[in-house]
Every structure is written in C-alpha cells, then in structure tokens.
Amino acid sequence: MLHSSKLIQKIKAVKLPPNPQTNAARAFKRGQTGLYDGRIRGTGFNVSHAENHTKRTWLPNVQRKKLWSETLQEWRRVSVTTSALRSIDKAGGLDAYLSSAHDDVLGLFGRKLRREVLEEKRRAFDEEAEEEHAEEGALAVKADEDRVQKVVETAENLRLEDGQPQRA
C-alpha cells in the first residue's frame, strides 16, 4: 500500500509519549520521595586488577535538609540531592526552582510541593485582587460623593451670581 508524502509527514509530526515500559526500567522509586533533580541509581562494574567485572550500583548523594518556602512561609523537611541543592540556589530559592523545573526532574514529591506553592500563590493573588477591588469600590464611592459635592457647590455659586436666594 502506497502512502502519500503528506500522510507520511503527518505521521512523523505526531509526537508519541515515551513508552512507559522503557521508562519503568529507569524509574528510581526513592527518587519520587524527595527532590532528586533527575538523579537516578547508576549501574556499572567494579573492575579488579585482574580485570574481573563485578556489577555494582551508585546511589545519588541524598541529604535530609530543611528548605524555606517564601510562598508557604514555612520550613519544609526534604530529602534532596546535592545536585538539587545547587539547582535550588541557582534558581533563587525553593519556590523558583519548583516553578521552573520540568515534571520529570521533580518527581511525585516535587510536583505535589509545586502544586501547594502554586495554590498558595493563587490564593494570595485572589485575596489581594479582592482587597484592591474593595478599595477601588470605596474610592469610586468617595469620587462620586466628591463629584456630587462639586456639582452642588457649582450650582450654589451660579445661584449666588444670578442673585437668587440660597436655599437652606
């Protein structure tokens, strides 16, 4: 069966999600419980002087730290790799790192923490917008009162100039 070149281009343009089975092989379960910055368990061989190969693994350098969240206004105790600590410093803090990092780098824990931070930011923004709206409403009422007062004063001034008696 012959395919047209347009059909082939459309098929090539479709981006398929990564195969979950291949990603499952690289999944690092412990990496889902903290901020691991995409670091996973490394595998390889110990090679002796006699060149015997023995399988081994290398684990990420994980530390337990308390990190400050500006948005949440609280300390969070987190398992974090030293690589993630450098990335957090470079981004300018935990909140900036969470908002700029890709989902694959964050893992489940990082995505939950990012959701908490974004929800808190949204809640604070909504409260601020409501306060501004209330202030604008109060200012608008005050401005209307000022306009009415100016109109009344102008009318009184015109009556005085015309020689009409002022009403009490």
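The values are calculated or read from the model by the stated rules, or taken from the named source; none is laboratory data. In this text the structure is predicted, and so the values were computed from the model without any measurement. Glycine gets a Cβ as well: all are built from the backbone with ideal geometry, and neighbour counts include every protein chain shown. Areas reflect the complete protein model, heavy atoms only, side chains present, ligands, DNA and RNA absent. Shrake-Rupley method; radii C 1.70, N 1.55, O 1.52, S 1.80 Å.
Checking each residue in segment 97-122 for being open to solvent by less than 40 Å² (accessible area, probe 1.4 Å), assigned to a helix (DSSP H, G or I) and closer than 22 Å to residue 61 by Cα picks out 97, 98, 106, 107, 110, 113.
Using the structure shown, decide if residue 68 is outside any helix (DSSP H, G or I), without any contact (Cβ under 8 Å) to a residue 12 or more places away in the chain and hydrophobic (A, V, I, L, M, F, W, C).
Working: outside any helix (DSSP H, G or I): yes; without any contact (Cβ under 8 Å) to a residue 12 or more places away in the chain: no; hydrophobic (A, V, I, L, M, F, W, C): yes.
The answer is no for residue 68.
Here is a yes/no grid of residues against (1) open to solvent by 90 Å² or more (accessible area, probe 1.4 Å); (2) modelled with pLDDT of 70 or more; (3) touching a strand residue (DSSP E or B) at 6+ places or on another chain (Cβ under 7 Å); (4) closer than 30 Å to residue 74 by Cα:
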residue	(1), (2), (3), (4)
124	no, yes, no, yes
128	yes, yes, no, yes
147	yes, yes, no, no
158	yes, no, no, no
165	yes, no, no, no
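Of the residues making up segment 79-96, just one is acidic (Asp, Glu) and surrounded by 18 or more Cβ atoms within 10 Å (Cβ to Cβ), namely 95.
On the given criteria, is residue 32 of a type in the set (S, T, N, Q), modelled with pLDDT under 90 and surrounded by 10 or more Cβ atoms within 10 Å (Cβ to Cβ)? Don't jump to the end; show me each part of the working.
Numbers: of a type in the set (S, T, N, Q): yes; modelled with pLDDT under 90: yes; surrounded by 10 or more Cβ atoms within 10 Å (Cβ to Cβ): yes.
Here the answer is yes, as residue 32 does meet what is asked.
Condition check: without any contact (Cβ under 8 Å) to a residue 12 or more places away in the chain, exposed (fewer than 14 other Cβ atoms within 10 Å of the Cβ) and hydroxyl-bearing (Ser, Thr, Tyr). Does residue 43 satisfy that? No: the conditions fail for residue 43.
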